[in-house]
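Visitor: Provided herewith is a single structure, encoded as structure tokens, for subsequent inquiry.
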Amino acid sequence: MKVLITGATGFIGRRIVKALQSAGDEVVVLTRSAYHAKSALGEKCNYFVWDHTTSTLPPEEAFEGVDGVINLMGEGIADKRWSDLQKRRIYDSRILGTSNLVKRIENMEPRLRPQVLVSASAVGIYGDRGEEEISEDSTPAHDFLAKVCTDWEAEANKAQKLGLRVVLVRTGVVIGHEGGALKKMLPAFKIGAGGVVGDGHQYMSWIHVDDLADMYVTSLKNAEVRGVINGTAPNPVTNKEFTKTLGRTLKRPTIAALPAFVLKLIFGEMSTVLLEGAKVIPRKIKEKNFHFKYPTLDRALDQAV
């Protein structure tokens with residue numbers, strides 16, 4: 001299979017590229033810097049330059065013979081404090097980029113179009129839901145992140161009218177070695193300065209990066225998978241449970257705490273990413289008999305740290 005991927009140099013993208021290549025698939029990468037991408041991914045991929053933050057369409061030649069597209073592009077949600085400018089970057093990098101990706105496919109001859117688009121989304125679409133068990137059929141929230149995800153998914157879904165099977169992966173907190181959420185958390189936890197965030201009751205719907213990569217590849221290749229799937233492990237935990245499990249894995253105390261008011265002072269509106277959560281269950285992918293290598297948090301953390 002020949003697969004085109006955006007956002008390939010990110011933590012998740014690198015794992016997906018590796019999984020595709022291990023399966024013998026040919027990988028095409030759309031990137032703003034071929035030099036940077038090649039340094040991260042190696043010589044085996046085919047590289048085409050495209051800046052998804054502009055109004056230009058990706059190069060047509062990148063789509064030659066492509067069977068499927070994986071779309072991961074987007075400004076980091078928690079990389080910077082949410083100024084108005086940063087919120088616009090978060091929004092535009094996803095909505096404008098995905099819109100132009102689909103427009104390029106629309107401009108192709110129908111017989112030459114890819115067969116499937118697997119596009120990223122996030123569990124942030126559900127907002128803060130307390131103890132409610134959330135499946136793919138649950139309604140979206142109405143805050144900033146929910147609007148980003150709703151509009152992002154709407155742009156990807158336009159590919160259905162072009163004859164593509166569309167899968168939308170609503171990703172949770174990604175755990176893995178040398179990246180994802182742990183990269184930011186481990187320094188404090190390793191010196192015994194880790195602890196509960198806020199009251200610790202908010203749910204963290206997490207997934208190991210290897211399972212997430214497998215989920216993308218399954219979505220790409222299994223014609224029965226379509227529509228929204230939750231990219232989370234089957235056993236979400238509260239922040240308090242996550243904190244205890246990580247401390248136990250590292251054999252470090254977790255008595256420190258970050259009160260909500262401190263986070264709000266430091267991060268402003270972005271603090272909602274840390275203080276709110278939802279108990280998200282991957283019902284649809286489980287119905288397709290998807291196998292999780294890391295279904296429980298302790299097993300995932302044992303591998304990741």
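Visitor: Two decimals is fine: what's Rg over Rh for the stretch 1-157, C-alpha atoms, Kirkwood radius as Rh? Don't jump to the answer; show the numbers that get you there.
Guide: Working: Rg = 16.2 Å, Rh = 16.5 Å.
Computed over Cα atoms, the ratio is 0.98.
Visitor: I would also like to ask the following. Taking only the alpha carbons of the stretch 144-277, what extent do you get along each of the three principal axes, in Å, biggest first?
Guide: 54, 30, 22
Visitor: Still on this structure, I have one more. Kirkwood hydrodynamic radius of the chain from all distinct Cα pairs, in Å?
Guide: Working: mean 1/r = 0.0506 Å⁻¹.
Mean inverse Cα-Cα distance, inverted, gives 19.8 Å.
Visitor: Using the crude model of +1 on Lys and Arg Cβ and -1 on Asp and Glu Cβ, and no other charge, please compute the dipole size for the stretch 209-305 relative to its Cα centre, in debye to 20. Please list the in-between numbers first.
Guide: Working: 15 positive and 10 negative charges, 41 e Å.
Charge dipole of the stretch 209-305: 200 debye, to the nearest 20.
Visitor: Another one. Hey, quick one: spin label on Lys183, modelled 7 Å out along Cα-Cβ, who in the stretch 204-245 has an amide N within reach, i.e. under 14 Å?
Guide: Counting only backbone N, you get 209.
Visitor: In what sequence, highest mean first, do 8-14, 195-201 appear when ranked by Cβ atoms within 10 angstrom?
Guide: 8-14, 195-201
Visitor: I want to check the label-to-label distance for Ser135 and Ser55. Put each point 7 Å from Cα in the C-beta direction and report it in nm to one decimal.
Guide: Distance between label points: 4.4 nm.
Visitor: Whole Å is fine, so just give me how far the alpha carbon centre of the stretch 240-305 lies from that of the stretch 89-119.
Guide: 32 Å
Visitor: Beyond 26 Å, what share of the Cα-Cα pairs of the stretch 64-185 remains, rounded to the nearest whole percent?
Guide: In whole percent, the share of Cα-Cα pairs in the stretch 64-185 beyond 26 Å is 28.
Visitor: Choose one answer from Asn222, Asn157, Asn239: the residue with the largest mean-square fluctuation in a GNM of the chain with alpha-carbon springs under 10 Å.
Guide: Looking only at Asn222, Asn157, Asn239, the biggest GNM fluctuation is shown by Asn222.
Visitor: Can you tell me which of Leu85, Leu186, Leu250 moves the most in a GNM of the chain? Springs connect C-alpha atoms under 10 Å apart.
Guide: The residue that fluctuates most here is Leu85.
Visitor: In the Gaussian network model of the chain, springs joining C-alpha atoms below 10 Å, which of Gly277, Gly76, Gly172 carries the largest mean-square fluctuation?
Guide: Gly76
Visitor: Just name one of Pro236, Pro253, Gly124: the one whose Cα is farthest towards the positive end of the charge dipole of the stretch 111-259 (beta-carbon charges, Lys/Arg +1, Asp/Glu -1).
Guide: Pro253
Visitor: Please report, in debye to the nearest 20, how large the charge dipole of the chain is about its Cα centre when each Lys and Arg carries +1 at its beta carbon and each Asp and Glu carries -1 there.
Guide: Working: 41 positive and 36 negative charges, 116 e Å.
Computed about the Cα centre, the dipole is about 560 debye.
Visitor: Can you name the helices of the chain, as whole DSSP H runs, whose Cα span along the helix axis is 15 Å or more and whose Kyte-Doolittle mean is not below -1.0?
Guide: Working: long enough: 11-22 (17 Å, 0.33); 84-106 (32 Å, -0.79); 144-157 (20 Å, -0.06); 180-190 (16 Å, 0.20); 209-221 (18 Å, 0.19); 239-250 (16 Å, -0.95).
Qualifying helices, which must be both long enough and hydrophobic enough, are 11-22, 84-106, 144-157, 180-190, 209-221, 239-250.
Visitor: Please sort by residue number the GluC sites (Glu not before Pro) in the stretch 108-159 whose DSSP state is loop and whose Cβ has at most 13 other Cβ atoms within 10 Å.
Guide: On the way: sites: Glu131, Glu132, Glu133, Glu136, Glu153, Glu155; in loops: Glu131, Glu132, Glu136.
Listed in order of number, the matching sites are Glu131, Glu132.
Any read-out appearing in this document is the output of simple, stated calculations on the displayed coordinates, not a laboratory observation. Since the structure is predicted, the reported quantities are computational estimates derived from the model, not experimental observations. Cβ coordinates were reconstructed from backbone atoms using ideal geometry, including for glycine residues, and neighbour counts include every protein chain displayed.
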